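Here is the structure we will look at.
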Amino acid sequence: MPASDVAAYDGYYNTTPECWSIYTEVLGVDFGNPVVFRQVHQLTVDTYAVQHAGGSHPDKSIVIHLCGLHLVLDRDHAPTGMPQLFQRLAATVEDWPHFPPPADMGPVTAFDVALSQTPEALIENVRAWAKSVWGAWRDHHAAVAAFVESQLALD
């Protein structure tokens, strides 16, 4: 994204103020539509978090959001169930693994999602974005799955 004097950002994720601004626009759509929120809000958050891993972004956050992508995309868990599972992880895990971010985070970004013209298109685009970014982390899929198995007793 081109530099902007208007965009502001606090530095938690490894991103630019301009990219953060686009992401917050997508979040606004998520929060403004209950159907979108229920179906993809958690995917939006998880995808953005792991696509912007690195820098001072803590391992705990990256691992939790990778677990969310694994559970939703590989194990067909409902995105709405992720916050409770994330709370369980945060309350019990003391030593978070470090998964080095891939050099290429995939071709789809929050900008692509922000261009969605309808709620249905946004849902489809968030899912494509999530799959693209999760695919970029393919080298860590087995380790993330093993972490989930070791930390969460799921059906």
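The values are calculated or read from the model by the stated rules, or taken from the named source; none is laboratory data. Bear in mind that the values here come from a model prediction, so they are computed numbers and not experimental data. Note that each Cβ is placed from the backbone with ideal geometry, even for glycine, and that neighbours are counted across all protein chains shown. Protein only, heavy atoms only, side chains kept; ligands, DNA and RNA dropped before computing areas. Shrake-Rupley method; radii C 1.70, N 1.55, O 1.52, S 1.80 Å.
Here is how the numbers come out for the structure above:
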item	result
Scan of segment 29-63 for residues that are more than 15 Å from residue 129 (Cβ to Cβ) and touching an Asp or Glu at 6+ places or on another chain (Cβ under 8 Å), ordered by number	37
First in segment 55-83 and under 10 Å from residue 43 (Cα atoms) and open to solvent by 50 Å² or more (accessible area, probe 1.4 Å), second anywhere and of a type in the set (Gly, Ala, Ser) and modelled with pLDDT of 95 or more, Cβ under 6 Å, 6 or more apart	none
Residue 103 vs. criteria part of a helix (DSSP H, G or I) and either of a type in the set (Gly, Ala, Ser) or under 16 Å from the mean Cα position of the chain (by Cα) (or both)	no
Restricting segment 105-140 to residues that are among the charged types (D, E, K, R) and free of Cβ contacts under 8 Å to residues at least 40 places away in the same chain, the residue that is least open to solvent (accessible area, probe 1.4 Å)	112
Top-ranked residue of segment 84-99 - restricted to ones that are without any contact (Cβ under 8 Å) to a residue 40 or more places away in the chain and of a type outside the set (Phe, Trp, Tyr), ranked as nearest to residue 14 (Cα to Cα)	98
Hey, residue 100 within 20 Å of residue 141 (Cβ to Cβ), open to solvent by 50 Å² or more (accessible area, probe 1.4 Å) and of a type outside the set (A, V, I, L, M, F, W, C) or not	yes
Within segment 84-97, considering residues that are among the polar types (S, T, N, Q) and surrounded by fewer than 11 Cβ atoms within 10 Å (Cβ to Cβ), the one farthest from residue 125 (Cα to Cα)	92
All positions within segment 59-88 that are under 19 Å from residue 139 (Cα atoms) and part of a loop (DSSP other than H, G, I, E, B)	75
Answer from 136, 128, 121, 142 - the residue that is modelled with pLDDT of 95 or more and farther than 27 Å from residue 17 by Cβ	142
Selected residue [touching a helix residue (DSSP H, G or I) at 6+ places or on another chain (Cβ under 9 Å) and assigned to a loop (DSSP other than H, G, I, E, B)] from 12, 48	12
Among residues of segment 18-39, those that are part of a helix (DSSP H, G or I) and either more than 15 Å from residue 109 (Cα to Cα) or at pLDDT below 85 (or both), counted	11
